[in-house]
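Everything below concerns the one structure shown next.
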Amino acid sequence: MGSSESTANPESFPKGKSEAEWRTQLSPEQFRILRQKGTERPGTGKYDSHYETGTYNCAGCDAPLYKSSTKFKSGCGWPAFFDAIPGAINRHVDSSFGMKRIEITCSSCGGHLGHVFQGEGFPTPTDERHCVNSISLNFHDEKNAGK
């Protein structure tokens, strides 16, 4: 999903920044996805087949988003989670590409993460698939936490 528009007014988020500040902090690809609602190609992200114990945080602001215990193999080509850390994400209706999807963004900085799909029949407690761009995430290994 590409757009020249940013996700939201930076003042409306606890960790919001101006677009100029985001451009200096993020790589061009991170900026395209997190701030312009882009999508990485399927199967190219480093966390698609990553299953270590820890927490996946927002690559923009480092807010915790997903616990590794909610990650599952969906075969979609992007990291998939069945639930987020409570309060970590916002959901928005996305009507681009002639279809209705649910976009997910970081509740701390407004960064675009991906989309939620419901009712696909995965054997998870929520029957949801949070399809997240790897580039929108940073992983924090539980074994090295606090070191």
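Table for the structure above
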| item | result |
| --- | --- |
| Amide H contacts of I102 (H built 1.01 Å from N, under 5 Å, at least 5 apart or other chain) | D94, V116 |
| Order by protection proxy (mean Cβ within 10 Å, highest first), peptides 73-85, 16-28 | 73-85, 16-28 |
| Net charge of Cβ neighbours under 15 Å - reference G121; Lys, Arg +1; Asp, Glu -1 | -1 |
| Cysteines, the chain, no other Cys beta-carbon under 4.7 Å | C76, C131 |
| Mean ellipticity per residue at 222 nm, deg cm²/dmol - from DSSP H runs of n ≥ 4 across the chain, formula -39500 (n - 2.57) | -1000 deg cm²/dmol |
| Listed residue pairs exceeding 19 Å between alpha carbons, taken from K46/K67; K15/K46; K73/K100; K46/K71 | K15/K46; K73/K100 |
| Global form of region 80-147, assessed from the alpha-carbon gyration tensor, a/c cut-off 1.5 | oblate |
| Derived scalar couplings ³J(HN,Hα) [region 107-116; Karplus, 6.51 cos²θ - 1.76 cosθ + 1.60; whole Hz; x for Gly, Pro] | 6, 8, 10, x, x, 5, 10, x, 9, 10 |
| In nm, spacing of pseudo-spin labels at I102 and T24 (7 Å Cα→C-beta vector) | 3.8 nm |
| HN-Hα J in Hz across region 88-101 - Karplus 6.51, -1.76, 1.60, θ = phi - 60°, x for Gly and Pro | 7, 10, 10, 10, 9, 6, 10, 9, 6, 6, x, 9, 9, 10 |
| The chain: C-alpha gyration tensor shape, a/c 1.5 cut-off, then a/b vs b/c | oblate |
| Formal net charge of residues neighbouring S136 (Cβ-Cβ distance under 13 Å; K, R +1; D, E -1) | -1 |
| Residue-wise HN-Hα coupling along region 120-133, computed from phi with Karplus coefficients 6.51, -1.76, 1.60 (Hz; x: Gly, Pro) | 8, x, 5, x, 10, x, 9, 6, 10, 10, 7, 8, 10, 5 |
| Förster radius 22 Å - calculated FRET efficiency between Q118 and S69 (Cβ-Cβ, nearest 0.05) | 0.65 |
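Since every read-out is calculated from the coordinates, none of them should be taken as a lab result. For clarity, every value in this text was computed on a predicted model and none was experimentally measured. Neighbour counts run over all protein chains shown; Cβ positions are idealised from the backbone, glycine included.
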